[in-house]
Amino acid sequence: MDPITQSEAASSLTDGQEAGSSGPANGHANAANGASSANGSTSAANGHGNSAGNGHGNAPNGNGNASSTPNGHQSAAVLQQRVDSDFRNVLGKGLAACRRNILTAGIFSFFVNILLLAMPIYLFQLSDRVYTSRSTDTLIMLSLVVGGAIVAHVFLDMIRRFILMRVAVETEAKLGAPVLSAAAKASQTGSNREFQLLGDLQHLRHFITGPVILLMMDVPVAPVYLAATFLIHPDLGWIVGGTGTILFIIAIINQKLTAVPYTQANTFAMRANLAADAMSRNSQVINAMGMIPEGVQIWGRETASSLKAHLAAQDRNIYMTGLSKLVRLFTQVAILGWGARLALRDDVTAGMVIAASIIGSRALSPIEGTIEGWRSFIQARAAYARIKTLLENSPLNWERLRLPRAEGRLTVERILYVPPPTKKVILNGISFELEPGESLAIVGASGSGKSTLARMLVGSIIPTAGNVRLDRMDLRNWDPRQFGQSVGYLPQDVQLFPASIKANIARMREDVTDEMIFDAAELADVHEMISHFAHGYETQVLIDGSPLSGGQKQRIGLARAFFGDPRLVVLDEPNSNLDGPGEVALANALSRAKRKNITVVAITQRPALLQSADKIMVIKEGTAQAIGKREDIMPLLAAANGAGKNGQMSPASQVFT
């Protein structure tokens, strides 16, 4: 099997792919699918890499690695190492080819602009040679030479545009996967703000393929035009040089005046997008309770602030653009007027004056165009800065040793969690240890920190102090992909991907066998439920979870948690939406997990689940009030419930209230 690296994917995009806007979009989509493998999420790219040799991941020959090692972990490890290497090197070696290509386009720009000198030289020769000599042969030869220069100019201009288009595609293809991976890793704290950076990739692509970068590449050629003007006459050269200096000062002032408003506009626009995204995710709630006006008001407030800042920046940019245009037009008048005076003194000819006017215009127009398109450059620069910051600060940059397959020994050592910026203690001094195959039920009142502890056990959040260890190794030191394959997690709010039930159970991986999917469904006791659907495992789940009910989604999520023979499974309120048969199926799943030596931690507020646990821990206000074997804690809970019914509140009586 020959996994496709991100570099190869980018190369394939740039070779023979249509250079339109659909090319980068597709490249981004493919890169995004491959990205998730870096953080243990969706891994379509992994599936293609492991099954490319035979077309289907489920084909008999498509799982050679899976048959030789448990669940194909070896092949996944090799691919993950290559993906991790690409992630860490993407800003350096990964984009080295893009930088070289941009430099190549700049070299082409130099010759493109040099060839444009053919036009003023042609006019000069017509005025001073052809008109005076009335030589047809001279006219024909000059026309042929200039015609060839124009053809070469157009051809080289097309080449540099082709280069920049492919640079844009390759940049988005190579950055797409790492950006999505880093955003997914950063969003584990609950914020999806980093996902907005995917839009920054589009800003970069639009800038690289837009007209502003071409104008900026033309600026370094301005000294050549200036030198040509000096050769015609020094006075005309000083006029052009002085104007260029003035335009350069205007460009600096424009940058100072517009940088802050454009930054504010982008910030408010991002917040408005987050508000719209929140409305999308809570569409059922806001429609059911008539909250649309409030949601629109929040979005409108951020959008209005963005538009206000954008308007202020654009107004300033328009002022500077108008000033630069005024200066350039007066320069044209100055060149023609002063050139006419020089011609009257016989210092230059009329043809030289016209040529100087054209050359001076070519020298100044890139500077003026850069000022006018400064907003595009500011946005692209800010977008790249945000992407660079995200990638450089991502924990995925850290290289970690791939450890032996986990056994499931869970150790929690006096963890303290104080989330910023509230400074409120959520968890305080919790410690316990579970041997492989043991199960722990955590009970407590709402808001006592149970779900926070569950997220901490699977590495979604990092404790402020203390340690969470799997097989004696701190979770932060596990390879993210390897840790994800060793852990199963069922959150309170179960979200499924818009794909088939089969794909959701398989964690969206394609390098797995049907047998592995069936085993997970059997272990979670959902096979019978799935068999009642008309299309069975191929039933498509929509983005809102339909056609599944809340309890069915929870049971599919349970099967996903048990997929791949994990060594640690954390279940947060796994029976919150279950009916009677669902409760029985959950109990059966926990019994099978114990027989397979899987360590299970279950968060619950229902006593029924406690009978399946080996140990029970009672949490109150972030502190462990009691922990011990089931037979020791159950009498305390029963006594607490009894005391609560009689109106006598003991420390444990608040567990189920």
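The values are calculated or read from the model by the stated rules, or taken from the named source; none is laboratory data. It should be emphasised that the depicted structure is a prediction, and the values quoted were computed from it without experimental measurement. Don't worry about glycine lacking a Cβ; one is built from the backbone with ideal geometry, like all the others, and counts go over all protein chains shown.
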Inset, instruction - From (1) of a type outside the set (Phe, Trp, Tyr); (2) without any contact (Cβ under 8 Å) to a residue 40 or more places away in the chain; (3) in a helix (DSSP H, G or I), pick out the condition that doesn't hold for ASN588. - result: (2)
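Being touching a helix residue (DSSP H, G or I) at 6+ places or on another chain (Cβ under 9 Å), of a type outside the set (A, V, I, L, M) and touching a residue at least 12 places away in the same chain (Cβ under 8 Å) is true for just one of PHE230, PHE207. Which residue is that?
Just a single option satisfies the conditions, and that option is PHE207.
Listed here are the residues, each with its yes/no results for (1) more than 23 Å from the chain's Cα centre (by Cα); (2) assigned to a strand (DSSP E or B); (3) small (Gly, Ala, Ser).
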position	(1), (2), (3)
ILE442	yes, yes, no
GLY447	yes, no, yes
VAL468	yes, yes, no
ASN504	no, no, no
Legend entry - Close pairs from the stretch 329-349: first in the same structural domain as LEU231 (by TED's automatic domain parsing) and within 15 Å of GLY241 (Cα to Cα), partner β-branched (Val, Ile, Thr) and surrounded by 12 or more Cβ atoms within 10 Å (Cβ to Cβ), Cβ under 6 Å, at least 6 apart: THR331/THR243; ALA334/ILE239; ILE335/ILE239
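Out of everything in the stretch 142-190 that is small (Gly, Ala, Ser) and closer than 30 Å to PHE124 by Cβ, what residue ends up being farthest from the chain's Cα centre (by Cα)? Walk me through how you get there before you give the answer.
Taking the stretch 142-190 as the starting set, the residues that turn out to be small (Gly, Ala, Ser) are 143, 147-149, 152, 168, 173, 176-177, 181-184, 186-187, 190.
From what is left, the residues that are closer than 30 Å to PHE124 by Cβ are 143, 147-149, 152.
On the way: SER143: 53, GLY147: 48, GLY148: 47, ALA149: 45, ALA152: 41 Å.
Residue satisfying both the conditions and the ranking: SER143.
Can you confirm whether the stretch 563-581 contains a residue that is part of a helix (DSSP H, G or I), within 21 Å of GLY484 (Cβ to Cβ) and of a type in the set (Val, Ile, Thr)? Reasoning before the result, please.
Going through the stretch 563-581, the residues part of a helix (DSSP H, G or I) turn out to be 580-581.
Keeping just the survivors that are within 21 Å of GLY484 (Cβ to Cβ) gives none.
No, the stretch 563-581 has no match at all.
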Inset, instruction - For the stretch 412-429, state whether one or more residues are assigned by TED's automatic domain parsing to the domain that holds ASP544, over 32 Å from the mean Cα position of the chain (by Cα), closer than 20 Å to GLY622 by Cβ and not in a strand (DSSP E or B). - result: no
Inset, instruction - Kindly indicate whether any position in the stretch 226-237 is in a helix (DSSP H, G or I), at pLDDT below 85 and either of a type in the set (A, V, I, L, M) or surrounded by 14 or more Cβ atoms within 10 Å (Cβ to Cβ) (or both). - result: no
